[in-house]
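Below is one structure, written out as structure tokens; comments come after it.
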Amino acid sequence: MNCKYFILLFSPLLLQAQEVEIKILSKNINTNGSEFNFIQVNDKTAFYSSATLEGDEYQSAIYKTEHKNGKWQKGKYENLGKSFSTANISFSENDIWRHFTVCDNMGNCKIAKRNNKKTITQFLNSNINLKNSNNTQPHITIINKQKAMYFVSDRKGGFGGLDIWLSIIDKNGKYGVPINAGKHINSIADEITPFFNTDEGMLYFSSNRKEGIGGFDIFKAEGKLNLWDKPKNVSALNSQYDEMYLSFFTKNSGYFASSRADTLCCNDIYSFKYSAEVKDTIQQNKFVKYLPLRLYFHNDEPDCCTMKTTTYKTYKQAYVSYFTMEEEYSKLSKNPKVKRFFSDSLKGNFNKLNSILDQIFIELSSGKKIKIKIKGYASPLHEKQYNINLSERRIMSFINFVKAYKSNIFSNFLSTGKFIISIQPFGESKSSEKASDNPKDVKNSIYGIDAMLERKIEIIDVISQ
């Protein structure tokens, strides 16, 4: 896959953390290509982009779909003029202009607009399509009665590779000099796919910064124009894979694209829906910023080679043992992602666990009841029942850690039922097909990053009552 090209274009029922309902769209929309940027404009109509491999090159186009008989129908090609690729359509309410990305076969991208009434396609001026830079993913919105366009560019003056910029559009339709969205939005990493939710006053975007859960994560920040608060990870929508192109249709529902395990290929489009009550609760929940929290294990740990579902080890012991193996993993895997895994995912998440437990103790001490929901997983090595028992041992090591935490501060709360830990051991049943199940292929089945990401437990919810 041409990674540069997809950074620019981008290229069942799931319940995550009991917060949001997530569904993958049907095969009418998601194909063996890569689908993204689903924008619903009314109850019956939506637009999206799809990229396929044509020869040795990825080529994308924009499609229009109608909602009939309870589902979105197969999209029809939207003719936006002659070009190698089009993608990323955007338009605000009652706007006659549709903005979108146009790319040549070398992956050079510009932003264009097309008048619905006169069917005229125009490239935006040199303020936007700056020479020797790629400009893509336009998002037209209204902020404080001011029309603006957010977009993504690798132009000079940014904080990293790809940054989010904005241009104010005046009443005559002229685009102001682009302004960087600022240091709270942009980082040394890549920031992409901006979407401003007018109901919340929140700018949503995706970034592959190190604070994320997976590759590209969805973040949100409150503010306006280029004045934003520190962004928060939208953990309920993110996975260990890429999530991007979030859009809202109603206050509590919308769409995003992801490369997670159940996709047909590359990126597929998912719908999401919060309940109004849940969304309000999420804003107040002190634990949401940490969730889902993934805690990782070395292969076949704790307690190798047993069918027992219990262990005397604590997660801290498993964590310390695993962390000392960083050099061994880096050497045998030869994957640059491994070092980041040990520093961010393994160590970083252990530190977050301590922060969660400290906050839980404060909540319990104030008279509240706490319920933790935790799931256990294993890579596809070994047989099914062994892996279910292994994932349960991993959960038990976490419970042992909680019981011993800071000289047993939770002992009384656990014995009185004020602190409850609900467990679900899944074994290998949820593991990615990317993880090797070949015991002879040690490089991938044990030391490969895909296998490493499967050996875990997840705290998916912390409920305070």
Exercise for review: Take the stretch 315-360 and flag every residue that is over 21 Å from LYS406 (Cα atoms), of a type in the set (D, E, K, R) and under 22 Å from the mean Cα position of the chain (by Cα).
Suggested key: LYS337, LYS339, ARG340, ASP344
Exercise for review: Determine which member of the set ASN135, ASN172 is at negative phi and modelled with pLDDT under 95.
Suggested key: ASN172
Check your understanding: Do you know which of the residues in the stretch 162-210 that are among the charged types (D, E, K, R) and more than 17 Å from the chain's Cα centre (by Cα) is surrounded by the fewest Cβ atoms within 10 Å (Cβ to Cβ)?
Key -> LYS171
**Study point:** the stretch 437-465 - residue that is in contact with a Ser or Thr (Cβ under 8 Å, 6 or more places away or on another chain) and among the acidic types (Asp, Glu) and, of those, surrounded by the most Cβ atoms within 10 Å (Cβ to Cβ)
**Key:** GLU454
Review point. Of the conditions (1) under 30 Å from ARG260 (Cα atoms); (2) surrounded by fewer than 15 Cβ atoms within 10 Å (Cβ to Cβ), ILE388 fails just one. Which one is it?
Key: (2)
Exercise for review: Any residue in the stretch 228-243 that's under 17 Å from GLU191 (Cβ atoms) and in the same structural domain as MET202 (by TED's automatic domain parsing): show its pairings with residues that are part of a strand (DSSP E or B) and of a type in the set (Val, Ile, Thr) at Cβ separation under 9 Å, as long as the two are six or more apart or on different chains.
Suggested key: ASN233/ILE218; VAL234/ILE218; LEU237/VAL20; LEU237/ILE22; LEU237/ILE218; ASN238/ILE218; GLU243/ILE218
Review point. Which residues, counting only those in the stretch 410-459, are at pLDDT below 90, assigned to a loop (DSSP other than H, G, I, E, B) and among the hydrophobic types (A, V, I, L, M, F, W, C)?
Key: ALA435, ILE446
Revision key, fill the gap. Flagged pairs (Cβ under 7 angstrom, 6 or more apart or on separate chains; first in the stretch 19-43, closer than 23 Å to SER235 by Cα and outside the structural domain of SER90 (by TED's automatic domain parsing); second surrounded by 12 or more Cβ atoms within 10 Å (Cβ to Cβ) and modelled with pLDDT under 90) are none
Practice item. At least 2 residues that are under 25 Å from LYS174 (Cα atoms) and not assigned by TED's automatic domain parsing to the domain that holds ASN267 in each: list the strands (runs of 3 or more DSSP E) lying fully within the stretch 57-124 that qualify. Key: none
**Study point:** So ALA378, is it assigned by TED's automatic domain parsing to the domain that holds LYS443, in contact with an Asp or Glu (Cβ under 7 Å, 6 or more places away or on another chain), under 26 Å from TYR447 (Cα atoms) and at pLDDT 90 or above
**Key:** no
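A quick yes/no check of all residues on (1) touching a Lys or Arg at 6+ places or on another chain (Cβ under 9 Å); (2) of a type in the set (A, V, I, L, M, F, W, C):
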| residue | (1), (2) |
| --- | --- |
| ASN129 | yes, no |
| PHE159 | yes, yes |
| ASP163 | yes, no |
| SER167 | no, no |
| VAL177 | no, yes |
| ASP199 | yes, no |
| ALA221 | yes, yes |
Practice item. Kindly list, by first and then second residue, each pair from a residue in the stretch 150-161 that is outside any loop (DSSP other than H, G, I, E, B) to a residue that is among the acidic types (Asp, Glu), limited to pairs with Cβ atoms under 9 Å and residues at least 6 apart or on different chains. Key: VAL152/ASP163; VAL152/ASP190; VAL152/GLU191; SER153/ASP163
Revision key, fill the gap. The residue that is surrounded by the most Cβ atoms within 10 Å (Cβ to Cβ), considering only those in the stretch 302-319 that are closer than 11 Å to MET396 by Cα and not basic (Lys, Arg), is TYR315
Study note, to complete from the structure: Sole miss for ARG393 among (1) within 25 Å of the chain's Cα centre (by Cα); (2) within 30 Å of GLU327 (Cβ to Cβ) is condition (1)
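The values are calculated or read from the model by the stated rules, or taken from the named source; none is laboratory data. Computed from a predicted model, the values in this text were never measured in an experiment. With ideal geometry, Cβ positions are generated from the backbone for all residues, glycine too; neighbour counts draw on all protein chains shown.
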